[in-house]
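The values are calculated or read from the model by the stated rules, or taken from the named source; none is laboratory data. Values in this document were obtained by computation on a predicted structure and should not be read as measured data. When we count neighbours, we look across all protein chains shown, and the Cβ atoms used for this are built from the backbone with ideal geometry, even at glycine.
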Amino acid sequence: MPEGVAPRLLGARVKRREDPRFLTGRARFVDDIVKPQMLHAAFVRSSLAHAEIAAVDAARALTLPGVRAALTGADAARSAKPITCDSTFDSWQGTEYPALATERVLFVGQPIACVVAEDRYLAEDAVELVEVRYRELTPVTSIKDATAPGAPRLHSHWKDNYFIKRHLRAGDPDAAFARAAGVVELTTVSNRHSGIPLENRGCVAEFDADQTLTLWTSSQIPHLVRTGLADVLALPESNIRVVAPDVGGGFGIKAHLFPEEIAVCLLAMKTGQPVKWIEDRSEHLLASIHAREHHHQVKLAYAEDGELLALSGRIDVDCGAYSVYPFTATMDTGMALGILPGPYRIRNYECEAYSVATNKCPLGPYRGVSRPAAAFTIERAVDEVAHALGMDPVEVRRRNLVAPEEFPYESITGLVYDSGSFVESLDKLLADSRYEELRRQQQAARAEGRFLGLGIAMYTEQTAHTTTEFAKRGVPIIFGYDSAIVRMDPSGRVNVRVSTHSHGQGHETTMAQIVADSLTLPLDHVRVTFGDTDSTPYGHGTFASRSAVLAGGACARAAETIRGLLIRFAAERLEAAEADLELAQGSVRVKGSPAIGVTISELARLAHHRPETLPDGMEPLLEAVSTYDADPGTGTFANAAQLAFIEVDIETGGIKLLGYWVVEDCGQMINPLIVDGQVHGGVAQGIGGALMEELVYDEDGQLRTTTFMDYLLPGATDIPRIEVSHLSTPSPFTIAGIKGMGEGGAIAPGPAIASALVDALGPLGHAVVDELPLTRERVRRFIEAARADGKAHA
Amino acid sequence: MSAVSDVHEVRLRVNGVERVAHAPARRLLSDFIRYDLGLTGTHVGCEHGVCGACTILLGGEPVRSCLMFAVQADGAEIETIEGLASGPDDLHPVQQAFWEHHGLQCGFCTPGMVLTAKALLEHNPDPTEADVRKAIAGNICRCTGYVFIVDAIRAAAGIGRERDGA
Amino acid sequence: MKPPAFRYLRATSVDECLAAMSEHGDDAKILAGGQSLVPLMNLRLARPSWVVDVNHVPGLDYIEVEGDVLRVGAMTRHRDLAASDVVARACPLLAQAAAMIGYPAIRNRGTIGGSLAHADPAAELPCVACATDAEIVVAGRDGERIIFADEFFTGYFETALAPAELLVEVRFPTTRAGESWQFREFTRKSGDFAVAAAGVGLALADGLVTRARIALGGVADRPVRATAAEERLAGGPLEGPDIAAAAALVADVADSGSQDADAVELASVLTRRALEAAAAELRGAS
């Protein structure tokens, strides 16, 4: 923050400026957009997981009244290239993801054809009349099947079914394993699930007489969608406008370019009319983006006193059939490889990591990306070390957490943990949760034959990583910065346009807080907009917990430029030296003589309407555009510790959450109300993934969970009160010490609840809880395992 | 309009105002409200009655508008989110409370959630936390984790009492 | 997901409804609460050519006690069953079960007639009908007939209703003094469809069981009575071992339809808990 400016709004618990339109039903989501002559699209989707397409015939569909046009894969291929997104790593094998399948389909639900009609009802009728003939191929529906010798290859030009193979070795793992007192071996499975925003995907495309394509789309990344469309459609980027309106949740799922978006654009071009596509929930579950399917095998070597000596392992990620844009199919894998050691001081490491192709929906990043699975693995392994040694898991953690004096800490995988409060957050968690009291409740319940359990999990989360980090990851577009335009109008009010896109994070408030502080204006004099590529500066969008730091930083820098202009102008008007001037309460005034000054609104009026009053060399207008790349570009690390308090019904396998506590640290908060909301929401999604959310494929590659009757989402009676408290360890690298934090809540509930389950079953024996979600069937399995072990532990 | 299904006149009171439109039998009430009546505050999340985004009040009670056909609403009285307030200075206590307590993030579940809360408070002006959670259990939110929503609804009960001078 | 096209008729009398059902046969479906039918139609799994809306047929929405019978009109909403003091006294199992159906918005529209006619073997009200020996009153072109609950459910989502018949009323024997009724279900998350359910009724006199009723949902293609368990309890004391033995016998449940071993095991646990609660209530009342 600028020197000498005491923040009023930075760190303030301000209610959100954007809320009124959402509260009164006046927001504008993509399905609220209605254009004259608009047609409605529906997709013909593959009913098989792996097949050649022998024929697609839309003739009957086109005879239905109200049906206007159809597009097949062959049609689409004439006007659009497939989506490609290739890693720069050597072992990479890439894919071509067509807007509509041409020769082959590679997952159930993959789009094959698209029809447009006067309304969606008719379009769905038409879809039923499109005939598709397939030649079935053997589906490959698991990592095991995909990597077995002689497995059918999904992509004919590949030599096997691996998108990528990675290997990292650092320190001296062999020596460390050799001197270990013991080794925990653990295999974990984090099953497939996804972000499931409440608003499905959707878009409206319009191609006008000027050959300009406009796409309104429910997206987190409007500029990247534009770049991607320009590439696949071979249209100049400047002929494309992408507008992301209000977006009903994204969580990473909507941070992709989709084949459906391309098909809809093509149909708008073909028919000359606007075309709308709003997916339904089954389409979303089948064919949007899946996430988090990780299979890990690790060995964790430890010393007699609980010191963690070495970690080795193998990570397999089931990435589905295609590489997604803009992240590639390496994102989960590379991230897991780097973060597996977690917040612990492990100095010897060897790990292989693989992205595997299967006949499933493509996998992409979802809140936390691979960190939930990685945290699950390391936290379970650390707990098992504690169990092997008969030590308290809290104590084992204390011994191994990176300590305050070690920051900035370069991890064995090359990540720079810039600052953090790992040990402090653990201590505070125990205090805030009244851990001893919870243990007493557990004991009392045991006497009544009830099984309560406590589980702790911790993580550190890389946020706002930019150029350096993404260059290391081998992605084709380096998400190295985000941007802001700060424009002061003649009245002295400010419009801020950012390249990121809020879909629940409150940027219209948080970015305004930053700019209002810098220019000493009231909050409601600053208006923030985003989403329209025509009016916002180029940038990457909102994902990877980057916006607070990067958009915030860009806003701060642009506002700083405006400050400079105001001071320069005021110096001229007041005949004072710039160094003697300060901004305060909407004016520029002489330090120590507050009566001598000029209001910002007056300066703004003059700068626009009385240019003759400007100093020599100063141009009219008060506008600045800035980007921000938080040096050194390796990100800033937030951290948290979470505690789950559960009750297990050992007869039914049901788990009930009795309480949940979080101590989180994201450095300098912009708005604590929003931070709390992000933590609550992340934790709730983490709980869903820990207890009930799972995308289940059968051995034929058919998705069993295609509606909310089968894919369960936690409701208000499933999520307990979540108590959140904060520590603040600012980043030494970022503007104002802000760290990102949007994803973190979702990282630890899986391991925390798993740990609580082990703890709850203690009187029966020890179970190794190694798979999520903890459905009833799995819990029963773990109960049996505990009984089979039979060695009760406290 | 499709030639296959018949078209019906649907005459109903929406937020106190009589509205008329025509729809084929199969038009869902959720789509009718959004497209035929132009009230896009009611949202669609699943179309199979689980998520609650489409919740409206029918005769004052929360129902899933995706599980009704528009024709069923002929002669009915419904309330949508647009009927609660007309601007930021005229918010219903529930809306006011959601704003103050950060009870919304992306806003997609908010109309259904607010209407459900409104109906709850009309039946039960002083609900416990458990009462609130049970009442909104059929309204999914993916963003908030429900914590501030519950706070907002309980606070709304208080705001309501204040406004009534209780 | 939009439903396929259909024709809609808003019936204003039972006769009008029956005439329409007669004319269109299997192509027609009754639309009551819609909470089960409309999702199926939206998913295009149910594709009736005709939908006959009975929500405006007068005289089907009532809750009355007549002598020792609780008479409930077919269009009575779950919400009203759950909130009714009359039902709470006359047939507590019905009140408990109705309150557990889904979520408030579902209960505001769903009806008892619709639920029984839909015949989901895991649903609450079919289980209650079975447990209480309810009588289902059905109107047809030739007048009304009564179908007993244990004959009404004939298979997976199938009933003894003929195509041109309408369920108009359900009759429950009213609870007598000295009886306790308990409903328990297990769901994967609260408000979800039940994986298994147990509806239990016990009567005690002089410390001995004079009547035991146990009906289970989710263990077969229809709700079933656990007759072996009932027999084990009848005439004997109601101590822990008796309850445990009865619950264990639930595993030997009636042999109609396919059995899901997992659901049966759950049902056994739920039965034991329901029996324990009933026993506690009876002990408390004595």
Task: region C:269-286, residues that are more than 19 Å from the chain's Cα centre (by Cα), within 16 Å of C:Phe183 (Cβ to Cβ) and not aliphatic (A, V, I, L, M) - done: C:Arg272, C:Arg273, C:Glu276, C:Glu281
Task: Subset of region A:597-636 (residues that are hydrophobic (A, V, I, L, M, F, W, C), in contact with a Phe, Trp or Tyr (Cβ under 9 Å, 6 or more places away or on another chain) and at pLDDT 95 or above) - done: A:Val598, A:Leu603, A:Leu606, A:Ala607, A:Leu614, A:Met618, A:Leu622
TODO: Report, by residue number, each residue of region B:37-84 that is more than 13 Å from chain A (Cβ to nearest Cβ) and of a type in the set (Asp, Glu).
DONE: B:Glu61, B:Asp74, B:Glu77
Open item on the list: Out of the residues in region A:204-257 meeting the condition of being within 14 Å of another protein chain (Cβ to nearest Cβ) and among the small types (Gly, Ala, Ser), tell me which one is farthest from A:Tyr325 (Cα to Cα).
Closed with: A:Gly248
Open item on the list: Which numbered condition in (1) out of contact with any strand residue (DSSP E or B) (no Cβ under 8 Å at 6 or more places or on another chain); (2) among the hydrophobic types (A, V, I, L, M, F, W, C); (3) in a strand (DSSP E or B) is the only one that A:Ile485 fails?
Closed with: (1)
Open item on the list: Any residue at all in region A:187-202 that's outside any loop (DSSP other than H, G, I, E, B) and farther than 30 Å from A:Ser282 by Cα?
Closed with: yes
Task: Unique residue being surrounded by fewer than 22 Cβ atoms within 10 Å (Cβ to Cβ) and touching a Leu at 6+ places or on another chain (Cβ under 9 Å) when the list is A:Gly539, A:Gly592, A:Gly564, A:Gly586 - done: A:Gly586
- [ ] Assess whether A:Val298 counts as being part of a strand (DSSP E or B), closer than 24 Å to A:Ser370 by Cα and not small (Gly, Ala, Ser).
- [x] yes
Open item on the list: Looking only at residues that are β-branched (Val, Ile, Thr) and not in a strand (DSSP E or B) in region A:638-683, which one is farthest from the other protein chains (Cβ to nearest Cβ)?
Closed with: A:Ile670
Task: Unique match (being more than 17 Å from the chain's Cα centre (by Cα) and outside any loop (DSSP other than H, G, I, E, B)) among C:Arg176, C:Arg232, C:Arg184, C:Arg171 - done: C:Arg232
Open item on the list: Would you confirm, using the coordinates I've provided, whether C:Gly143 is surrounded by 24 or more Cβ atoms within 10 Å (Cβ to Cβ), more than 21 Å from C:Asp260 (Cβ to Cβ) and not hydrophobic (A, V, I, L, M, F, W, C)?
Closed with: no
TODO: Kindly indicate whether A:Leu122 is within 14 Å of chain C (Cβ to nearest Cβ), in a loop (DSSP other than H, G, I, E, B) and of a type outside the set (Val, Ile, Thr).
DONE: no
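Residues are listed down the side, and each one gets a yes or a no for (1) surrounded by 18 or more Cβ atoms within 10 Å (Cβ to Cβ); (2) among the acidic types (Asp, Glu); (3) modelled with pLDDT under 95:
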site: A:Leu10; (1), (2), (3): yes, no, yes
site: A:Glu18; (1), (2), (3): yes, yes, no
site: A:Gln37; (1), (2), (3): no, no, no
site: A:His40; (1), (2), (3): yes, no, no
site: A:Glu52; (1), (2), (3): no, yes, no
site: A:Ala69; (1), (2), (3): yes, no, no
site: A:Thr72; (1), (2), (3): yes, no, no
Task: Matching strands (runs of 3 or more DSSP E) fully within region A:1-119 where at least 2 residues are away from chain B (no Cβ under 14 Å) and within 29 Å of the chain's Cα centre (by Cα) - done: A:39-45, A:111-117
TODO: Within region C:52-91, track down each residue that is more than 17 Å from C:Gly110 (Cβ to Cβ) and either touching a His at 6+ places or on another chain (Cβ under 7 Å) or assigned to a helix (DSSP H, G or I) (or both).
DONE: C:Asp85, C:Val86, C:Ala88, C:Arg89, C:Ala90
- [ ] Please find, among B:Gly107, B:Gly87, the residue that is assigned to a loop (DSSP other than H, G, I, E, B), facing another protein chain (nearest Cβ under 7 Å) and small (Gly, Ala, Ser).
- [x] B:Gly107
- [ ] Run down A:Leu438, A:Leu426, A:Leu415 and say which single residue is within 26 Å of A:Ala464 (Cβ to Cβ), surrounded by 18 or more Cβ atoms within 10 Å (Cβ to Cβ) and modelled with pLDDT of 95 or more.
- [x] A:Leu426
Open item on the list: Regarding region A:470-487, can at least one residue be identified that is in contact (Cβ under 8 Å) with a residue 40 or more places away in the chain, under 22 Å from A:Ile722 (Cβ atoms) and surrounded by 24 or more Cβ atoms within 10 Å (Cβ to Cβ)?
Closed with: no
Task: Selection from region B:123-160 of residues that are part of a loop (DSSP other than H, G, I, E, B) and within 8 Å of another protein chain (Cβ to nearest Cβ) - done: B:Ile136, B:Ala137, B:Gly138, B:Asn139, B:Ile140, B:Cys141, B:Arg142, B:Cys143, B:Thr144, B:Gly145, B:Tyr146
Open item on the list: If C:Pro3 meets every condition in (1) surrounded by fewer than 23 Cβ atoms within 10 Å (Cβ to Cβ); (2) within 12 Å of another protein chain (Cβ to nearest Cβ) apart from one, which number is that one?
Closed with: (1)
Open item on the list: Among the residues that make up region C:104-113, is at least one of them of a type in the set (D, E, K, R), farther than 21 Å from C:Leu70 by Cβ and in contact with a Lys or Arg (Cβ under 8 Å, 6 or more places away or on another chain)?
Closed with: yes
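Table: residues versus (1) within 15 Å of A:Asn161 (Cβ to Cβ); (2) surrounded by fewer than 24 Cβ atoms within 10 Å (Cβ to Cβ).
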| position | (1), (2) |
| --- | --- |
| A:Ala321 | yes, no |
| A:Tyr325 | no, no |
| A:Gly334 | no, no |
| A:Leu340 | no, no |
| A:Tyr349 | no, yes |
| A:Glu352 | no, yes |
| A:Ser355 | yes, no |
Open item on the list: Need the failing condition index for B:Glu100 against (1) at the interface with another protein chain (Cβ under 7 Å from one of its Cβ atoms); (2) under 23 Å from B:Leu39 (Cβ atoms); (3) acidic (Asp, Glu), just the number.
Closed with: (2)
Task: Filter pass, B:Leu120 being crowded, with 24+ Cβ neighbours inside 10 Å, within 12 Å of chain C (Cβ to nearest Cβ) and not hydroxyl-bearing (Ser, Thr, Tyr) - done: no
Open item on the list: Being more than 9 Å from every other protein chain (Cβ to nearest Cβ), crowded, with 19+ Cβ neighbours inside 10 Å and not basic (Lys, Arg): is that true of C:Ala46 here?
Closed with: no
